[in-house]
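Note sheet for the following structure.
The values are calculated or read from the model by the stated rules, or taken from the named source; none is laboratory data. Please read these numbers as outputs of a predicted model, since none were measured by experiment. Note that each Cβ is placed from the backbone with ideal geometry, even for glycine, and that neighbours are counted across all protein chains shown. In case anyone asks, the SASA skips ligands and DNA or RNA and just uses the protein heavy atoms, side chains included. Shrake-Rupley method; radii C 1.70, N 1.55, O 1.52, S 1.80 Å.
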Amino acid sequence: MIAVALFLSIILVTVGITIAAARRTETAADYYVAGRRIGGFQNGLAIAGDFISAATLLGISALVYTAGFDSVIYMGAPLAAFAILIFLMTDKLKELGRYTFTDIVCARLQERPMRILAATTALAFSIMYLMVQVVGAGALIEILFGIRYRWAVLIVTGLMVLYVAVGGMLATTWVQITKAVMLLVGVAVLALLALIRFDFDFTTLYGNAAAKHEAGAFLTRAGGMGLTTLSSISLGISICFGLAGSPHLLMRFFTVPDAAAARLSAGVALSAVAFVNLLIFFVIGVAAVALVKDIPPYVDAAGQVVGGVNMVSVHLAHAVGGDVYFGIMAAVAFATILAVVAGLTIASVSAISHDLYANAIKRGAASEASQIRVSRFAALAVGAVVAVLGILFEKQNIAYLVSLTMAIGASTNFPLLLLSMYWRGFTTRGALAGGVVGLVSAIVLMVLGPAVWVGVLGYESAIFPEPFPALYSVIAAFGTMIAVSILDRSARGSLDRERFAVMNTHD
């Protein structure tokens, strides 16, 4: 009953925020970027709320539980992504962007084809990432309320559509801030309660966990995920470059009034993300092994985690805090998913209404009212697609699914942004060719790899044996962009090179 009450409270609070935000959402700027009125500190919390997804709270705990040390990649790569955002992108994003990251690319390259390409890559990334969050939410609601997984997915996607269609970016921002505060406090208390069980003795904690874990000294020895060196590099590239090219994170830098606020946002977000990741990796994941593994009622007769391995951190909350803290952490996990889902949905919707409809189709002649109307219909369509994908990928580990999703961002949005900002020789032809190659190679290798070919389609072995395709698709994308741009001798290519000066106008 505690969990039910907390869940309902979160839903009521977030719906209330949405209704309040709807009354202040009148223009396209209000809808897409909250009127650029969000302060730097608040936006930093919102970025952290966007960044710390179900893959962090649920998925990384699950990976520590199953694979041990190898999950360090999921902790280190996001911090590297933030370093890239802070030192290479933040100022240019704020100075050159309007509503989406596509605005930066189009500042120097041919607008219509680049809008279509960037919107396509943003949609592919966001819809896949949304599916990951829905998988986590569906499993969480199923275990708490006994609702069938499919109905749980429909509930989450319904809320997702409501937040974005009605409240826009302002509602999304405050949902994310609320979630970030809840998560920071919830994770800190969970780690504290777990350490109390072992009298704050890390030797005892790690000794108990190592005795139960199949890999033995799992936290100090690699190999739990069975990755080769190339696979590890590919996974790190996927997460690092993928996060740096995430449309929903990049949009957040357009909600603040100036570049100084944007830099403050990135610093606050980095601190919050590092705090949560460190506690999950060094305390919560390890404590889950020690206090959940092989212990009824958290595992069934076959030794499998009840509700799936993604639920180990929630079970840990019950083990150290009883029904009360179980309900609290389940509610925090749910709020985590809702906040990220809202951010991803508005990124998807913005790609459709701002990039495709307003600029590619209407060529800048669409009214603000029509853009908002198209956004609301787009939210419904995105929700339907995500619900179907969430049902298909029910049994997959969500941190693993995130790494596949990040391969799309790493192979498309990241090279498009980086080369647009820093290479004078970049041309529209190179961007289009490399963007298509990056997107197609990432998706094809993902489908032919173990996650989809074996895990979803049911074949005995994968055609592409590597579990993480980013290393290959990123090289293909960058290589194609650079080669085609160098060979481009067209008049448009010359103009693209001349317009590189736009990127340094505000330096």
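Checking every residue in segment 431-439 against the condition of being in contact (Cβ under 8 Å) with a residue 60 or more places away in the chain and open to solvent by 30 Å² or more (accessible area, probe 1.4 Å) gives at least one match. Counting only helices (runs of 4 or more DSSP H) that sit completely within segment 335-445, those holding 1 or more residues that are within 29 Å of V305 (Cβ to Cβ) and not aromatic (F, W, Y) correspond to 368-392, 398-411.
Go through segment 255-265 and report how many residues are surrounded by fewer than 24 Cβ atoms within 10 Å (Cβ to Cβ) and not charged (D, E, K, R).
5
Inspect segment 160-174 for any residue being open to solvent by 10 Å² or more (accessible area, probe 1.4 Å), in a helix (DSSP H, G or I) and within 16 Å of L279 (Cβ to Cβ) and give the result as yes or no. No, the conditions are met nowhere in segment 160-174. Is it the case, given these coordinates, that V312 is open to solvent by less than 20 Å² (accessible area, probe 1.4 Å), aliphatic (A, V, I, L, M) and at pLDDT 80 or above? Here the answer is yes, as V312 does meet what is asked. Within the bounds of segment 99-116, is there any residue that is at pLDDT below 80 and under 15 Å from A347 (Cα atoms)? Checked against the condition, which is being at pLDDT below 80 and under 15 Å from A347 (Cα atoms), segment 99-116 yields at least one hit. The set of residues in segment 272-302 being open to solvent by less than 40 Å² (accessible area, probe 1.4 Å) and without any contact (Cβ under 8 Å) to a residue 24 or more places away in the chain consists of Y298, V299.
Among residues of segment 109-122 that are closer than 20 Å to E498 by Cα, those with a beta-carbon under 8 Å from a residue that is among the basic types (K, R) and open to solvent by 10 Å² or more (accessible area, probe 1.4 Å) at least six positions away or on a different chain give the pairs L109/R499; Q110/R492; R112/R363. Taken over segment 458-473, the criterion of being of a type outside the set (D, E) and either more than 25 Å from the chain's Cα centre (by Cα) or open to solvent by 10 Å² or more (accessible area, probe 1.4 Å) (or both) is satisfied by G458, Y459, S461, A462, I463, F464, P465, P467, L471, Y472.
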